[in-house]
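The values are calculated or read from the model by the stated rules, or taken from the named source; none is laboratory data. Small disclaimer: the values here were computed from a predicted structure and weren't measured. The protein model used for the area step is the full one, side chains on, heavy atoms only, and it has no ligands, DNA or RNA in it. Shrake-Rupley method; radii C 1.70, N 1.55, O 1.52, S 1.80 Å.
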Amino acid sequence: MPLDEVTRRSVFVLQHELRRLVERERARDDRGEEVRYDSGSRMATWETRRGEVIGRWYGEVIASYVIADRILRWSWAGRSSVSSVTHAEVVAREGQSRGIPQLTMSVVGELDEEEASMLVRLGILVAGGGGTE
């Protein structure tokens with residue numbers, strides 16, 4: 001299922017904010033900066049190309065995409081217990097409250113890489129997140 005009409009409409013409505021998010025990512029790449037994520041500490045470290053630390057933030061994996069299968073899986077999918085609310089769960093709640101079903105599905109199939117990236121960025125944006133890596 002490619003991006004559905006409701007999702008595409010939401011992308012259109014939020015296009016300005018999504019464009020700024022993408023431009024920040026591209027600018028960081030153009031400067032040779034990288035964000036490294038440590039799954040143990042759940043910290044994202046933003047570094048210059050010389051290895052100088054620009055900043056550190058709490059972060060988490062909110063989704064994974066399998067290119068060969070064209071499947072996006074939200075990280076909350078299949079969790080049996082919730083000790084604290086994750087950002088991915090906030091994405092799902094915001095998707096539900098805004099009527100965007102693809103943000104609430106455990107798995108979204110038949111997405112190309114660009115569509116999967118757009119869906120994740122949309123989720124991050126509606127959940128109040130600051131970016132992707």
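Summary of computed values
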| read-out | value |
| --- | --- |
| Among [x] 1.01; [y] 1.16; [z] 1.07, the entry derived from the coordinates for Cα Rg over 2.2 N^0.38 Å | [z] |
| Residue-span extension gain [PHE12 to ARG98] - 0.36 nm each, minus C-alpha spacing | 29.5 nm |
| Relative contact order of the chain, defined on C-alpha pairs under 8 angstrom at six or more residues apart (%) | 27 percent |
| Value of [θ]222 nm, deg cm²/dmol, for the chain, DSSP H segments ≥ 4, -39500 (n - 2.57) each, nearest 500 | -12000 deg cm²/dmol |
| The chain - accessible surface per residue (Å², probe 1.4 Å) | 62 Å² |
